[in-house]
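Accompanying notes for the structure given below.
None of the figures in this text is laboratory data; all of them are computed from the coordinates on show. None of the values given here were measured: they were computed from a predicted structure. Glycine gets a Cβ as well: all are built from the backbone with ideal geometry, and neighbour counts include every protein chain shown.
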Amino acid sequence: MSGCLMGLKPAKITDVKFIGIAIQHDNLGVVKIETDQPGLYGYGCASMTTRLLAVQTIVEEYLRPFLMGKDPDCIEDIWQAAYLSSVYRSGPVLNNALSGMDQALWDIKGRRAGMPVYQLLGGKCRNAADVYRHAAGRTPEAVAESALDFMRQGYRNVRVHMRGTGQPEKTSATADSTMLFEPRIYMRETISMIDTVRNHCGDKVNLLHDIHECVSPAEAVVLCKQLEPYDLYFIEDPLAAEDLGYFDILRNQCSTPIAIGEKFHSPHEWMPLISNRLIDFIRVHISLAGGLSVARKIATVCEAFGIKTAWHGPRDVSPIGHAANLALDLTCPNFGIQEWPGYDEAALEIFGGAPQEKDGYLWANEAPGWGIEVNEELAKKYPVTNAVPRQLGDMRRQDGSVMRW
Ligand code: KDG
Ligand code: MG
């Protein structure tokens, strides 16, 4: 298929590369698509931090031969054909690879049109995106101080989390693990921490909390009901994707707005929650869902059901992925809030032109495409290995059994 922008010479894809970058304790993946037009290429985010080398294999061994010679202007056709080409579809690894491809094609289209991607999506309906930051500490008072610090910097929204929370005493049955967790201890400590934070920080700030799906469905109902008096902006991941059937029970019992989505990769997960109005914020991780082309459709469906967006935005979304989040934040009427991790100097040096933050808002780069240039030479200094960062997925209960996180 071909059909290029009016007045522009048709382009052909000539190469597809995968760039793995291990920075800020995370593995970031970038797909670069090159074309036969001088200086025309694009970058996309394919950052599955825990299994990045598997994503790299999909990009190099399957998507590269599939894409060679194709017309980069036909984004939807390419996405559909690539998605269907594996026959056994979806899943975090395949979707992240598709996202790298998809976002790189949007970058190319923006560069060809001489416009930022948000313009291709219809243009801004807000000037900047209101963000939330992560306040943390080892005691309730330290979390409150961290939240106050963000408020002093101008942030209106803060997620609060107590480090080391939920830790039980070791027993004869406890496994030799560095991360121990008991849900009931975590629940009691969290109520007390949020009470302290609300008392210290007052009523002007929006507080958020992420349960990380680490309690049972029954415990989730108890915790969400106990958190009601604190007027949280939203409570995230009270239930896991495996427990979707419990959402209507939770919904009927608790008035706190509910957000979920960072581990979703299939319409079978988000569609029932949206169409039955069981959540208030969709938090899909855009690369895990398959890219911007998928996320903008999710946003439109959510708009029809009065659900807002709060795209997943931790450090394991690259600045390119954040540019995609922001393009939707600026153009979707049903934008809610944007999670923002802040980047260190190494990240900003590699990803020149990353979205800028001011007064607690995220502002788009006005350059064509994502407006980001990856310093590929510098990126080589941060090679990715098979090491899983930040001990993700290694948490155990007092009796030695594995915990979901
Ligand atoms: O890789 C896992 C992180 O992205 C996740 O733990 C962060 O829960 C998270 C959030 O809401 O940002
Ligand atoms: Mg989360």
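So what's the gap between the Cα centers of region 1-73 and region 256-299, to the nearest angstrom? Their Cα centres are 24 Å away from one another.
For the options L105, L326, L244, a Gaussian network treatment of the chain with springs between C-alpha atoms closer than 10 Å singles out L244 as fluctuating the most.
Directionally averaged projected area (region 274-405, Cα convex hull): 11.1 nm².
Highest GNM mean-square fluctuation among A327, A173, A129, for the chain modelled with Cα contacts below 10 Å: A173.
Output the pairs from K12/K297; K32/K297; K32/K308; K32/K109; K17/K297; K109/K358 with a Cα-Cα distance over 21 Å in this structure; if there are none, say none. Violating the 21 Å Cα-Cα cut-off are K12/K297; K32/K297; K32/K308; K17/K297; K109/K358.
Antiparallel versus total DSSP beta bridges in region 120-369: what percent is that, nearest 5? Restricted to region 120-369, the bridges split so that about 20 percent are antiparallel. The value obtained for region 195-343, namely the Cα convex hull volume divided by the number of residues, is 117 Å³ per residue. Can you pull a Stokes-Einstein diffusion coefficient for region 61-200 at 37 °C (0.692 mPa s), Rh from Kirkwood over Cα pairs, as a whole number of µm²/s? My calculation gives 165 µm²/s for D. Comparing E169, E262, E189 in a Gaussian network model of the chain, where Cα atoms under 10 Å apart are tied by springs, the biggest mean-square fluctuation is seen for E169. Just the C-alpha atoms of region 82-152: what Rg/Rh do they give, with Rh taken as the Kirkwood radius? Checking Rg against Rh, the ratio lands at 1.22.
Which whole-number percent gives the relative contact order of the chain, counting Cα pairs below 8 Å spaced six or more residues apart? This gives 22 percent for the chain. Over the chain, DSSP H runs of length four or greater, each weighted -39,500 (n - 2.57), average out per residue to a 222 nm ellipticity of -10500 deg cm²/dmol. Overall, region 120-369 carries a charge dipole of about 520 debye about its Cα centre when +1 sits on the Cβ of Lys and Arg and -1 on the Cβ of Asp and Glu, all other atoms neutral.
Computed over the chain, the quotient of the alpha carbon radius of gyration and 2.2 N^0.38 Å is 0.99. Taking the Kirkwood radius as Rh and the Cα radius of gyration as Rg, region 219-262 has a ratio of Rg/Rh equal to 0.92.
Mean separation of Cα pairs under 8 Å and 6 or more residues apart, divided by the residue count, gives region 1-122 a relative contact order of 31 percent. Put simply, region 145-251 fits an ellipsoid with semi-axes of 25, 19, 11 Å; these come from the alpha carbon gyration tensor as the roots of five times its eigenvalues, largest first. Applying the Kirkwood pairwise sum to the alpha-carbon positions of region 298-368 produces a hydrodynamic radius of 12.8 angstrom.
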